[in-house]
There are 2 protein chains.
Amino acid sequence: MIIDCHGHYTTAPKELLTFRDQQLAGITDKSRKPSSLDLGITDDQIRASIDNYQLKFQKERGTDLTIFSPRAAGMAHHIGDAQVQQDWARVCNDLIARVCGLYPKNFIGAAQLPQVPGGDLAPAIAELERTVKELGFVGCNVNPDPSGGMWTGKPMTDRYWYPLYEKMVELKVPGMVHVSNSCNACFHTTGAHYINGDTTAFMQFITGGQQLFKDFPELTWIVPHGGGAVPYHWGRYRGLALDAKLGELTELLLKNVYFDTCVYHTPGLELLTKVIPTDNILFASEMVGAVKGIHPNTGNYFDDTKKYLDQLNLAEADKKKIFETNALKVFPLLGKVMKERGIA
Amino acid sequence: MIIDCHGHYTTAPKELLTFRDQQLAGITDKSRKPSSLDLGITDDQIRASIDNYQLKFQKERGTDLTIFSPRAAGMAHHIGDAQVQQDWARVCNDLIARVCGLYPKNFIGAAQLPQVPGGDLAPAIAELERTVKELGFVGCNVNPDPSGGMWTGKPMTDRYWYPLYEKMVELKVPGMVHVSNSCNACFHTTGAHYINGDTTAFMQFITGGQQLFKDFPELTWIVPHGGGAVPYHWGRYRGLALDAKLGELTELLLKNVYFDTCVYHTPGLELLTKVIPTDNILFASEMVGAVKGIHPNTGNYFDDTKKYLDQLNLAEADKKKIFETNALKVFPLLGKVMKERGIA
């Protein structure tokens with residue numbers, strides 16, 4: 001069983017973008033606001049958008065199950081007010097639920113949350129509860145910078161976030177730290193902002209983690225994209241924590257913080273698996289995501305991360321953890337949902 | 001000959017901080033402004049601040065020459081007006097020049113530039129010219145985000161920067177992409193902002209590099225801290241460039257962009273030297289810098305990067321490039337200054 005903990009519905013039918021355009025148009029001209037959250041997308045349209053992409057790649061690459069969330073760059077928490085965010089998250093999450101309904105053995109949902117820069121977290125909490133209790137989702141994406149590259153908000157260890165964390169712990173749902181698109185011209189979305197978001201959040205967990213994980217011992221994070229710059233600079237982070245008398249990172253963070261394998265070349269994954277304990281690594285590909293192309297030398301997709309991992313000659317016990325059992329540990333609801341759906 | 005291309009004067013006598021406090025006090029109360037740029041620091045004070053730190057470490061670690069610049073986190077381009085920046089850069093650079101004067105065989109200067117967020121680059125250009133022509137400096141630190149973590153400025157490929165680049169090319173001086181301290185609570189200075197700055201600038205060079213390096217074929221950059229997240233995510237960057245029809249990174253950037261070795265563990269440097277062509281790697285330690293402590297397992301300093309490199313069994317020809325000849329290539333003035341000072 002190979003579980004990919006990080007996939008996005010980047011191939012949704014065009015009706016989703018039409019809805020979004022109308023929704024954004026409605027911000028300045030209320031007459032353009034969509035009259036309904038029903039996008040009029042048929043099951044056949046959804047199948048067409050999945051069969052030739054995520055499902056095809058699952059089969060070709062030999063993976064079994066994807067924890068599937070809306071397009072991350074599409075969340076755009078910096079655009080529109082709380083109502084816009086709520087409608088947008090609901091529409092995107094409902095579409096994920098329909099994919100999971102059509103392919104119950106291949107996709108399990110993770111939520112987009114209707115965050116607003118500096119705003120009340122109550123709508124995000126309500127949507128998280130709805131997606132978990134009503135749609136069967138097992139995870140969520142938490143944007144550490146809902147201002148879209150302006151970084152006007154509070155660090156993730158600030159008490160601002162605590163109401164959301166209480167609900168995540170109550171529901172037994174981990175968070176993937178995942179920024180959305182950048183509205184800052186300095187930051188390329190997938191090449192700079194994504195990676196910076198990961199690095200930034202991890203450093204916040206170092207400086208504020210003692211208190212945060214004392215307050216929420218069960219709070220669990222996945223830092224995606226291989227943890228941003230963190231594993232490559234593990235010595236720097238270890239040294240910074242020791243210099244600040246915060247102890248070893250393993251004790252400070254690694255009961256609560258995990259890394260995915262969205263690193264698109266073998267030497268990167270070799271470093272990740274060498275530096276980070278196997279218990280803290282979850283297989284993921286981010287497909288269909290940041291890099292869509294094919295490697296000119298190998299003829300393989302850049303985001304076919306399983307191929308790189310297969311080259312590393314990892315011990316079977318380690319592979320089992322990375323590909324399967326760590327995900328079952330980090331997503332406590334996953335095993336139950338898989339059982340309900342008859343997934344081995 | 002081992003040349004460390006990235007060292008900072010983080011141990012300057014306390015008179016420098018006193019001056020700075022008075023200068024900052026002078027922003028709100030002009031009567032507190034320092035009356036002179038003469039800090040009253042004696043040669044003996046400078047010797048005491050160097051002998052037990054950078055010079056001692058050079059000897060202990062077996063390195064020979066450091067390209068030495070003012071404390072990067074001290075630049076703080078986001079604080080004060082153009083005059084404050086000019087005075088501050090001049091004072092800091094003059095102090096570097098005195099260190100180089102006292103230890104001509106051990107230290108060669110690189111400049112702090114008086115940048116102001118969104119401001120005229122003329123003062124930075126004038127100070128660069130002064131430090132190169134009058135003080136014998138061979139490099140400079142260019143802050144890609146003079147707003148200190150607010151990222152309010154233009155990408156480094158924007159024409160805003162062109163007057164500075166013209167002068168850098170004219171003087172044959174490379175730039176090290178180096179942010180200063182962060183005034184954004186989301187970004188830890190050395191754990192997030194530094195690394196993000198490197199990653200961000202590199203991605204800017206990808207998206208805007210074709211034009212930039214066509215306009216300035218001789219413009220040369222060092223991306224410090226091992227290139228931020230870049231080598232770890234080399235597959236991602238390569239894929240993003242290919243997806244955007246920008247070609248291979250080697251062709252697009254590696255005639256103009258170099259990486260230093262400020263990565264504080266062996267697996268990180270193993271990855272760097274495996275992924276990045278040897279011709280594009282310059283030895284550096286950042287000492288005395290971000291991480292000051294000693295590794296608890298080995299008893300070695302975290303920032304003793306030579307020890308990690310020594311473990312990699314690099315070919316002698318590659319070591320020669322990384323430790324010496326690449327620096328002579330990237331800093332075209334270095335060879336001449338070394339000859340003048342009788343450095344072998």
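The values are calculated or read from the model by the stated rules, or taken from the named source; none is laboratory data. For clarity, every value in this text was computed on a predicted model and none was experimentally measured. We place every Cβ from the backbone using ideal geometry, glycine too, and count neighbours over all the protein chains shown. For the accessible areas, the whole protein counts, side chains as well, though only heavy atoms, and no ligand, DNA or RNA atoms are used. Shrake-Rupley method; radii C 1.70, N 1.55, O 1.52, S 1.80 Å.
List of remarks:
- Across the accessible surface of region A:3-341, with the other protein chains kept in place and a 1.4 Å probe, carbon and sulfur atoms take up 50 percent.
- Solvent exposure, largest accessible area first (probe 1.4 Å, DNA, RNA and ligands not counted), of B:V179, A:V169: A:V169, B:V179
- Cα centre as origin, Lys/Arg/Asp/Glu Cβ charges: region B:17-117 dipole, Debye: 140 debye
- When the surface is traced with a 1.4 Å probe over the full set of protein chains, B:S35 keeps roughly 130 Å² accessible.
- Cα gyration tensor category, rounded, prolate or oblate, for region B:209-270 with a/c compared to 1.5: oblate
- Projecting the Cα positions of B:G175, B:L24, A:T266 onto the charge dipole of the protein assembly as shown (unit charges on Cβ atoms of Lys, Arg, Asp and Glu, taken about the Cα centre) puts A:T266 furthest along the positive direction.
- C-alpha center-to-center spacing [region A:37-68, region B:23-57] in angstrom: 64 Å
- The protein assembly as shown: translational diffusion in µm²/s, Stokes-Einstein, Kirkwood Rh over Cα pairs, 37 °C, 0.692 mPa s: 126 µm²/s
- In this structure the amide hydrogen of A:D4, modeled in the peptide plane, comes within under 5 Å of the amide hydrogens of A:D64, A:L65, A:T66, A:I67, none closer than 5 places in sequence on its chain.
- Ignoring aspartates and glutamates fewer than eight residues from A:K274 along the same chain, the ones with Cα atoms less than 12 angstrom from its Cα are A:D318, B:E270.
- Accessible area buried between chains B and A, both sides summed, probe 1.4 Å, in Å² to nearest 100: 4400 Å²
- Which listed pairs, of B:K167/B:K329; B:K14/B:K307; B:K59/B:K307, have C-alpha distances above 20 Å, in listed order: B:K14/B:K307
- Spin-label zone in region B:302-319 - amide nitrogen under 18 Å from a point set 7 Å from the Cα of B:L328 along the C-beta vector: B:316-319
- Diffusion coefficient, µm² s⁻¹, Stokes-Einstein with Kirkwood Rh over alpha-carbon pairs of region B:188-240 at 25 °C and 0.890 mPa s: 208 µm²/s
- Candidate aspartates and glutamates for bridging to B:K320, where Cα separation is under 16 Å - those fewer than 8 sequence places away on the same chain excluded: B:D4, B:D64, B:D260, B:D279, B:D310
- Measuring how big chain B is from its alpha-carbon positions, Rg and Dmax come out at 19.1, 60 Å.
- Comparing region B:295-344 with the 2.2 N^0.38 Å rule of thumb, its C-alpha radius of gyration ratio is 1.50 (two decimals).
- Chain A: most fluctuating residue of A:P155, A:P217, A:P146 per GNM, C-alpha cutoff 10 Å: A:P217
- In summary, the helical segments of chain B meeting the span-like criteria, namely a full DSSP H run, a Cα extent along the axis of 15 angstrom or more and a mean Kyte-Doolittle hydropathy of at least -1.0, are B:14-28, B:82-102, B:122-133, B:194-215.
- Charge dipole of chain A about the Cα centre (unit charges at C-beta), most positive-ward option of A:G74, A:L55, A:P163: A:L55
- Other residues within the sphere of radius under 13 Å centred on the Cβ of A:P224, judged by their own Cβ, net out at -4 (K and R +1, D and E -1).
- Net dipole in debye of the protein assembly as shown [+1 Lys, Arg Cβ; -1 Asp, Glu Cβ; about Cα centre; nearest 20]: 380 debye
- Each principal axis of region B:1-139 carries a Cα extent, and these read 46, 28, 23 Å when sorted largest first.
- Position A:Q211, label points 7 Å along Cα→Cβ, spacing to each other copy in nm (shortest first, one decimal): 4.5
- Among the trypsin sites (Lys or Arg not before Pro) within region A:158-200, those in coil by DSSP and having at most 15 neighbouring Cβ atoms inside 10 Å are A:K172.
- Spatial offset of region A:239-283 relative to region A:96-155 amounts to 25 Å, using the alpha carbon center of each.
- A 1.4 Å probe run over the protein chains yields, for region B:3-341, 36 Å² of accessible area per residue, whole-number rounding.
- Counting only Cβ charges, +1 for Lys and Arg and -1 for Asp and Glu, the dipole size of region B:292-344 around its Cα centre is about 220 debye.
- Net charge, B:F213 excluded, C-beta distance under 11 Å - Lys, Arg +1, Asp, Glu -1: -1
- Applying 1/(1 + (r/R0)^6) with r as the Cβ-Cβ distance of B:D43 and A:K274 and R0 = 35 angstrom yields a FRET efficiency of 0.15.
- The calculated FRET efficiency for the pair B:D64 and B:E170, based on their C-beta separation and a Förster distance of 35 Å, comes to about 0.75.
- Each residue of region B:301-318 is assigned a 3J(HN,Hα), and the resulting list reads 5, 4, 8, 7, 5, 4, 4, 5, 4, 4, 6, 8, 6, 5, 4, 4, 5, 5 Hz, derived from the Karplus form 6.51 cos²θ - 1.76 cosθ + 1.60 (θ = phi - 60°), x at Gly and Pro.
- MRE, 222 nm, helices only [DSSP H, n ≥ 4, -39500 (n - 2.57), over chain A, to nearest 500]: -12500 deg cm²/dmol
- Computed FRET value (nearest 0.05) for B:T11 with A:K245, which takes r as the C-beta separation and R₀ as 25 Å: 0.75
- Computed over the Cα atoms of region A:76-165, the ratio of the radius of gyration to the Kirkwood radius (Rg/Rh) comes to 0.99.
- Summarising the amide proton neighbourhood of B:Y258: residues at separation of 5 or more, or on other chains, whose placed amide H is nearer than 5 Å comprise B:W221, B:I222, B:V223.
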